[in-house]
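Please read the structure below before turning to the comments.
The values are calculated or read from the model by the stated rules, or taken from the named source; none is laboratory data. Quick caveat: nothing in here was measured; it's all calculated off a predicted structure. For neighbour counting, all protein chains shown are included, and Cβ atoms are generated from backbone atoms with ideal geometry for every residue, glycine included. For accessibility, only protein heavy atoms count, side chains too; no ligands or nucleic acids. Shrake-Rupley method; radii C 1.70, N 1.55, O 1.52, S 1.80 Å.
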Amino acid sequence: MAEYTEREISLVLSAALDIGESMLETGAEIHRVEDTVERICLAYGAERADVFSIISLIVATFRTKEGHHKTQSRRVYAAGTNLCNLEVMNALSRRICCETPPPEDLAGLIREAHEKQKEKRLAVLWRLLGGMMAVGAFVIFFGGTILDALIAAVIALPVQIVSQSDPRGFNMLAKTFISAFIAGVLAVLAVRLGIGQNADKIMIGTIMLLIPGLAFGASLRDMLCGDIMAGSLRLIQSMLLAIVIASGYALAILLPGTSFGISDAAAAPLLVVIAGVLGTVGFSITFRIRWRRLAFAAIGGLIASVVYVAVSHHGGDYFVANLVAAIAVTSYAEIMARLIKTPVTVLLIPGIVPLVPGGMLYYTMRYLVIGDTERFRDAGIGTALTGLGIAVGLMIVSLTAHVITGQISAGKKRQKK
């Protein structure tokens, strides 16, 4: 193995943090970010690499065989879901570990990978259309009419524009509140004008664009896998976002003259499954998944929807239905990700979307606004049980997969010796 100068080690460490930062910005789990940075350092001769990451910071120390230490840190400001970029960065890190190109070339390789991922206007348009498709599908998923779905799809356009904008002085919480308020006001106006039929179903559909259900599940998964601090921060972040979303919609509902009931309509099981798949495809497009992965993501959404409907119709409560569905879709993602050589997150995030408790969050907020204490309590418990079921399902399969792959890796190492 080549010996590297102090300057070259700095370049390696900087490149590793660049890749880790990009992965963290695009939705990678904390363990993957830390593991990626560590592997790159070890590939370039580090005797030991100590990496610590939370959702907004990465710190890494490269220790040479001579006992010298080099430490760098990286503050991470942006956060989102870009599954294409996540897959590209993951592939690049694997290539770097296998080929160990000269340290001077690493920055160029990363820059080249980012250049290829720059979105064209057509790609941005596709993402907006994907969001509209997802919102419309989930209106049907939760029992709304075709007309409600069309109205919600139109409302999704300005909501996406606001939520994806980056004005100075507006952080994620502020943008989420404004997006929720706009969506709520437009849903109320649509019903007042006689265009829409069920304001609650329209709002639930648009909530799916904003709800942090995936972050909630990921936070519990991080904590149960040992990343206590990172998981706690993600949990706090997801809870704050849920409060902000509920506040934005509640303010819209409390506007003078706003009065509409709560529809108890539910879609037929087959329609729920179809809408779940279409919603998964729509969200996959907004998450910028690669086109060749789209079918695999859709299958994940199909599995989640079918299992959830089946368990629910056989007496399963919120926790059990979401637990079993989460186990099924996570197992699929873990197995398929290894077969097609992609990060598990690329298939898991879209697949878990049909289980996100958008409807339960809306009704929790709605019952609070109208002062129905009993129903507020029941809906709140249902929201918590839904999130917990998803998180526990993710954790069970993820830990099992981690143990199995660890045993396989250990076996390979023993064979080499």
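Can you give me the number of residues within the range 325-355 that are of a type in the set (Phe, Trp, Tyr) and closer than 16 Å to Thr286 by Cβ? Quick ask: steps written out before the conclusion?
The first filter runs over the range 325-355 and keeps only residues of a type in the set (Phe, Trp, Tyr), leaving 332.
Those left that are additionally closer than 16 Å to Thr286 by Cβ: none.
Total meeting the criteria: 0.
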Unique residue being over 20 Å from the mean Cα position of the chain (by Cα) and without any contact (Cβ under 8 Å) to a residue 40 or more places away in the chain when the list is Ala187, Ala113, Ala183: Ala113
Please specify each residue of the range 95-122 satisfying the condition of being within 23 Å of Ile19 (Cα to Cα) and aliphatic (A, V, I, L, M). Ile96, Leu106, Ala107, Leu109, Ile110, Ala113
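Condition test on Phe260, is it at pLDDT below 80 and assigned to a loop (DSSP other than H, G, I, E, B)?
Details: at pLDDT below 80: yes; assigned to a loop (DSSP other than H, G, I, E, B): yes.
Yes.
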Any residue at all in the range 105-113 that is at pLDDT 90 or above, of a type in the set (Lys, Arg) and surrounded by fewer than 23 Cβ atoms within 10 Å (Cβ to Cβ)? yes
If we scan the range 60-68, do we find a residue that is out of contact with any His (no Cβ under 6 Å at 6 or more places or on another chain), open to solvent by 40 Å² or more (accessible area, probe 1.4 Å), assigned to a strand (DSSP E or B) and over 30 Å from Leu294 (Cβ atoms)? no
Before we move on, is Leu129 in contact with a Gly (Cβ under 9 Å, 6 or more places away or on another chain) and either surrounded by fewer than 21 Cβ atoms within 10 Å (Cβ to Cβ) or part of a loop (DSSP other than H, G, I, E, B) (or both)? yes
Yes or no: the range 5-27 includes at least one residue that is part of a helix (DSSP H, G or I), open to solvent by 60 Å² or more (accessible area, probe 1.4 Å), farther than 26 Å from His402 by Cβ and of a type in the set (D, E, K, R). yes
Considering only the range 197-231, state which residues are at pLDDT 80 or above, open to solvent by 30 Å² or more (accessible area, probe 1.4 Å) and not in a loop (DSSP other than H, G, I, E, B). Leu209
Consider the range 41-56. How many of its residues are within 25 Å of Gly80 (Cβ to Cβ), open to solvent by less than 40 Å² (accessible area, probe 1.4 Å) and in contact with a strand residue (DSSP E or B) (Cβ under 8 Å, 6 or more places away or on another chain)? 3
With in a helix (DSSP H, G or I), polar (S, T, N, Q) and open to solvent by 30 Å² or more (accessible area, probe 1.4 Å) as the only criterion, which of Ser305, Ser331 stands out? Ser331
